[in-house]
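Below you'll find the structure, written out as structure tokens, and then a few comments.
Read-outs: derived from the displayed coordinates by stated rules, not from any lab. Given the structure is predicted, the values throughout are model-derived calculations rather than measurements. Backbone-built Cβ (ideal geometry, glycine too); neighbour counts: all protein chains shown.
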Amino acid sequence: MTLHLTASHLKELYKNNYTVDMIVLLQLCHEDADLNFLCENSKLNALYATLERKGLLASGGITQVGRELLNSLSKSEDEVKIVKKRVKDDSFDRWWAKYPGTDSFEYNGKKFSGTRALRVKKEDCKAKIHKIILEAEYTIDDLIGALEIELSQKKENSFKTGQNKLSYLQNSLTYLNQKTYEPYIELYKAGHKIKEEQKYVGGVEV
């Protein structure tokens, strides 16, 4: 892809808080250029980190958002229009509310005591969730569905064994950084059903 930037392109870029050097580096990443020289320059390293923070690069490669930005710049001067992909404000809050605060819980009328806080570093988790969504590989529904399946399995196994399996759940930031959700997203997309919790009143199943 060859870019011929005009005054209109430049105006649109700066209106959306992008700079020409960002686009040059993004284009190099798109072309799989050798970027070993970045480690020799702190400013270029910082520029690369900025592209990652904006969701244009991830894991050493260009994201869907980054490709869409380059495609928008390949259009004619009259057609150029950069549309930033945004994450809905409530997306993270929905996921955060699902993540257990601690490893203490009650399931099928049985109480399990825990000792750990599981929700940690909220702002870091929020930035990570936004990055995952902007990379366009998974949706917030995928992430929530995966989490619900894992929690259901751990609680069911706790009930069967008498041991608190939720204690093995990673804290929220580690869970996101290590992509622990990925196998469960496969189950979610395959239509895996969560086993319903039984209701007990006075120790009797209802």
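Whole-Hz ³J(HN,Hα) for each residue in region 95-108, computed from phi via Karplus 6.51 cos²θ - 1.76 cosθ + 1.60 with θ = phi - 60°, x for glycine and proline: what do you get?
5, 4, 5, 7, 6, x, x, 9, 8, 8, 6, 10, 9, 6
Tell me the relative contact order for the chain as a rounded percent, counting alpha carbon contacts under 8 Å between residues six or more apart. Working shown, then result.
On the way: 219 pairs, mean separation 38.6, N = 206.
Value for the chain: 19 percent.
In debye to the nearest 20, how big a dipole does region 7-73 give about its Cα centre with +1 on each Lys and Arg Cβ and -1 on each Asp and Glu Cβ? Spell out each step's value before the answer.
Details: 6 positive and 8 negative charges, 71 e Å.
The dipole magnitude comes to about 340 debye.
Using helices alone, I'd like the mean residue ellipticity at 222 nm for the chain: each DSSP H run of four-plus residues gives -39500 (n - 2.57), total over residue count, nearest 500. If you can, show how the numbers build up before the last one.
Numbers: 9 runs with 101 residues, N = 206.
Using -39500 (n - 2.57) per qualifying helix, the result is -15000 deg cm²/dmol.
Projecting each Cα onto the charge dipole of the chain (Lys/Arg +1, Asp/Glu -1 at the beta carbon, about the Cα centre), which of Cys125, Gly109, Leu3 comes out farthest on the positive side?
Projecting each Cα onto the dipole axis, the largest value belongs to Gly109.
Just need log10 I(q)/I(0) for region 89-198 at q = 0.16 Å⁻¹, Debye formula, equal scatterers on the alpha-carbon atoms, no solvent, rounded to two decimals.
-0.72
Can you list the HN-Hα couplings for region 46-54, worked out from phi with the Karplus curve (6.51, -1.76, 1.60; θ = phi - 60°), rounded to whole Hz and with x for Gly and Pro?
Ordered by residue, 3J(HN,Hα) equals 5, 5, 4, 5, 5, 5, 5, 5, 7 Hz.
Find the Rg to Rh ratio for region 7-73, where Rh is the Kirkwood radius over alpha-carbon pairs and Rg uses the same atoms. It would help to have the intermediate numbers written out before the result.
Details: Rg = 11.5 Å, Rh = 12.1 Å.
Using Cα coordinates only, the ratio equals 0.95.
Among the listed pairs Lys131/Lys155; Lys11/Lys179; Lys128/Lys189, which have their C-alpha atoms separated by more than 31 angstrom in this model? All intermediate terms of the calculation are to be shown ahead of the outcome.
On the way: Lys131/Lys155 29 Å; Lys11/Lys179 38 Å; Lys128/Lys189 21 Å.
Among Lys131/Lys155; Lys11/Lys179; Lys128/Lys189, the Cα-Cα distance tops 31 Å for Lys11/Lys179.
Explain nothing, just the number: dipole magnitude of region 89-198 about its Cα centre with +1 on each Lys and Arg Cβ and -1 on each Asp and Glu Cβ, in debye rounded to the nearest 20. Numbers along the way, then the final one.
Details: 19 positive and 18 negative charges, 106 e Å.
Roughly 500 debye, rounded to the nearest 20.
Give me the number: length gained by fully extending Ala127 to Asn16, i.e. 0.36 nm times residue separation minus the C-alpha to C-alpha distance, one decimal in nm. Write down the numbers at each step before the final one.
Numbers: separation 111, 0.36 × 111 = 39.96 nm, distance 1.93 nm.
Gain on stretching Ala127 to Asn16: 38.0 nm.
Taking R0 as 25 Å, what's the FRET efficiency between Gln64 and Gln153 from their Cβ-Cβ distance, rounded to 0.05?
0.25
With Rg/Rh (Cα atoms, Kirkwood Rh) defined as stated, name the option among [x] 1.12; [y] 0.98; [z] 0.94 computed from the structure displayed.
Answer label, from the structure shown: [x].
Return a whole-number percent for the relative contact order of region 89-198, with Cα pairs under 8 Å and 6 or more residues apart as the contact set. Each step should come with its number before you reach the end.
Values: 125 pairs, mean separation 36.3, N = 110.
Dividing the mean separation by the residue count of region 89-198 yields 33 percent.
Which value, in debye to the nearest 20, describes the size of the charge dipole of the chain about its Cα centre when Lys and Arg Cβ atoms bear +1, Asp and Glu Cβ atoms bear -1, and nothing else is charged? It would help to have the intermediate numbers written out before the result.
On the way: 32 positive and 30 negative charges, 175 e Å.
Dipole about the Cα centre, nearest 20: 840 debye.
What residue among Ser172, Trp95, Leu134 has its Cα farthest toward the positive end of the dipole of region 89-198, where the charges are +1 on Lys, Arg and -1 on Asp, Glu, each on the Cβ?
Ser172
Which cross-chain or sequence-distant (5 or more) residues have an amide H under 5 Å from the amide H of Tyr107, H modelled 1.01 Å from N in plane?
Those lying under 5 Å, H to H, from Tyr107 are Phe112.
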